[in-house]
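Notes follow once the structure below has been shown.
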Amino acid sequence: MVKRYKKSQSMPINVIIVAALALMVLVILIAIFTGRVKIFSENLQSCTAKQGKCLLECSSNTAIVTNTDCEKQKQVCCVTVFENEDKKPTATYP
């Protein structure tokens, strides 16, 4: 009686190839995602993205926005709240 042996190495090689491909895709996705997160976080800290200006001191019709890129220059981000005293507020920021 002759026994037929199955190839026992074909399954582990396939698993190794699939795992290597999955790892490559994961590395590419992480590289893309971390690049986008950096751009997104820079825009969150931008004073100009919040329609403000970096100044040494804010006037009476402006509001101070904290945690912006102005703090690196030892300034504050000032955002206009009222255009004129007669008009309603154009924007509110915490």
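What number of residues within the stretch 46-61 are within 16 Å of PHE82 (Cβ to Cβ) and over 27 Å from the mean Cα position of the chain (by Cα)?
Number satisfying all stated conditions: 4.
Mind telling me which of the residues ALA20, ALA31, ALA63, ALA49 ends up being touching a residue at least 12 places away in the same chain (Cβ under 8 Å), aliphatic (A, V, I, L, M) and not in a loop (DSSP other than H, G, I, E, B)?
Answer to the check: ALA63.
Could you tell me which of the residues LEU21, LEU56, LEU44, LEU26 is modelled with pLDDT of 90 or more and either surrounded by 11 or more Cβ atoms within 10 Å (Cβ to Cβ) or within 30 Å of CYS78 (Cα to Cα) (or both)?
LEU56
Outside any strand (DSSP E or B) and modelled with pLDDT of 75 or more: does that describe GLU85?
It is false that GLU85 is outside any strand (DSSP E or B) and modelled with pLDDT of 75 or more.
The values are calculated or read from the model by the stated rules, or taken from the named source; none is laboratory data. Just so we're clear, the structure is a prediction, and the values are computed from it rather than from any experiment. FYI the Cβ positions are ideal-geometry reconstructions off the backbone, even for glycines, and counts take in every protein chain you see.
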